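The values are calculated or read from the model by the stated rules, or taken from the named source; none is laboratory data. Everything quoted here is computed from the prediction, not taken from an experiment. Glycine gets a Cβ as well: all are built from the backbone with ideal geometry, and neighbour counts include every protein chain shown.
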């Protein structure tokens, strides 16, 4: 029979899990052992031969040899046996309590320092996964009491996204929160955006559009902000540092002041050469060296639409190649005209 050893409060105790006859741990009192122990207490002693199949009785110190007869064992009173088994456990508990007190004393000065500057607590929180990002955003938005500012790059939004967004902001509008949202000019062609504004039915919701937006940004009551931390938007940062929030609010206000209200028309949609404002924006980005994918992303349109505008621009200027198009844009002087 192979016996393994394990520690209990610093005391080596045997286990017998590999014994097919008595498979449980010797730290356990099996049903047979309990019955034999009760019998020994009633009779005052028990024969060694009776407890061979229940070694847990001796391992738990419930029996000890009879000094008068080696063939017999006498039971240890339950109170004495229990006290003996509990002693190492109580010593271990006391040791862990001492360790807990020591650790608390070590970290107490640092906690006092942290409490003196609550503004730095959780200044930046990394949120990973769309569900966690959405949960954090929902909680923060639900607490908004004054103003919600958002930058939303890209073109139009799907009806499902807009429905979800309306459910999130409607309670804010109902309690008087002001909401300002910046989209890109391409969102003006989205019927969903127009319907979203109409369904909100509140003057406290303002929407403007701009040619380009750097990235998504949400600012809540000038106290909390959310920005993406990765291109796939699977990771976001929740910001609560006043300095960071103040800077991002300035960025938003600058973009807002340059943007055009959704219900206003562009002051001019075509240049004298017949080039639309969208094509003008594409021409400028082409001259700056951006490729089709980058231009489409910055203007909030898909690549196919972007290439269609490039083709129309090339036809208007009489270009037969991409290289010639850049030259003709520069020579035409259209980029020097005020848009």
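Take the residues of segment 12-38 that are exposed (fewer than 14 other Cβ atoms within 10 Å of the Cβ) and in a helix (DSSP H, G or I): which is modelled with the lowest pLDDT? The extreme case among them is 31.
Do we have residue 95 as modelled with pLDDT of 85 or more and either outside any loop (DSSP other than H, G, I, E, B) or surrounded by fewer than 10 Cβ atoms within 10 Å (Cβ to Cβ) (or both) here? Even if it seems obvious, please write down each step before you answer.
On the way: modelled with pLDDT of 85 or more: yes; either outside any loop (DSSP other than H, G, I, E, B) or surrounded by fewer than 10 Cβ atoms within 10 Å (Cβ to Cβ) (or both): yes.
Answer is yes for this residue.
Within segment 200-211, one or more residues are touching a helix residue (DSSP H, G or I) at 6+ places or on another chain (Cβ under 8 Å) and assigned to a helix (DSSP H, G or I). Could we say that residue 250 is surrounded by 14 or more Cβ atoms within 10 Å (Cβ to Cβ), at pLDDT 90 or above, assigned to a helix (DSSP H, G or I) and within 39 Å of the chain's Cα centre (by Cα) here? In short, no.
Inside segment 125-140, residues that are surrounded by 19 or more Cβ atoms within 10 Å (Cβ to Cβ) and in contact with a helix residue (DSSP H, G or I) (Cβ under 8 Å, 6 or more places away or on another chain) make up a count of 1.
Tally time: how many residues in segment 142-151 are under 21 Å from the mean Cα position of the chain (by Cα) and surrounded by fewer than 19 Cβ atoms within 10 Å (Cβ to Cβ)? Summing the residues that are under 21 Å from the mean Cα position of the chain (by Cα) and surrounded by fewer than 19 Cβ atoms within 10 Å (Cβ to Cβ) in segment 142-151 gives 2. When residue 245 is tested against (1) free of Cβ contacts under 8 Å to residues at least 40 places away in the same chain; (2) within 28 Å of the chain's Cα centre (by Cα); (3) in a loop (DSSP other than H, G, I, E, B); (4) surrounded by 16 or more Cβ atoms within 10 Å (Cβ to Cβ), exactly one condition is not met: (3). Residue count for segment 160-199 under the criterion of being modelled with pLDDT under 75, within 26 Å of the chain's Cα centre (by Cα), surrounded by 12 or more Cβ atoms within 10 Å (Cβ to Cβ) and farther than 20 Å from residue 145 by Cα: the result is 2. Looking across segment 330-339, the residues that are surrounded by 14 or more Cβ atoms within 10 Å (Cβ to Cβ) and closer than 27 Å to residue 183 by Cβ come down to 334, 339.
Test residue 60 against the stated conditions and say whether it is assigned by TED's automatic domain parsing to the domain that holds residue 33, within 30 Å of residue 32 (Cα to Cα) and surrounded by 11 or more Cβ atoms within 10 Å (Cβ to Cβ).
Numbers: assigned by TED's automatic domain parsing to the domain that holds residue 33: yes; within 30 Å of residue 32 (Cα to Cα): yes; surrounded by 11 or more Cβ atoms within 10 Å (Cβ to Cβ): yes.
Yes.
Scanning segment 272-321 for residues that are assigned to a helix (DSSP H, G or I) and either touching a helix residue (DSSP H, G or I) at 6+ places or on another chain (Cβ under 8 Å) or crowded, with 16+ Cβ neighbours inside 10 Å (or both) yields a total of 30.
For residue 61, the criteria (1) in contact (Cβ under 8 Å) with a residue 24 or more places away in the chain; (2) out of contact with any strand residue (DSSP E or B) (no Cβ under 9 Å at 6 or more places or on another chain); (3) at negative phi hold in every case but one, which is (3).
Scanning segment 217-240 for residues that are assigned to a loop (DSSP other than H, G, I, E, B) and either in contact with a strand residue (DSSP E or B) (Cβ under 9 Å, 6 or more places away or on another chain) or crowded, with 21+ Cβ neighbours inside 10 Å (or both) yields 221, 222, 229, 230, 234, 240.
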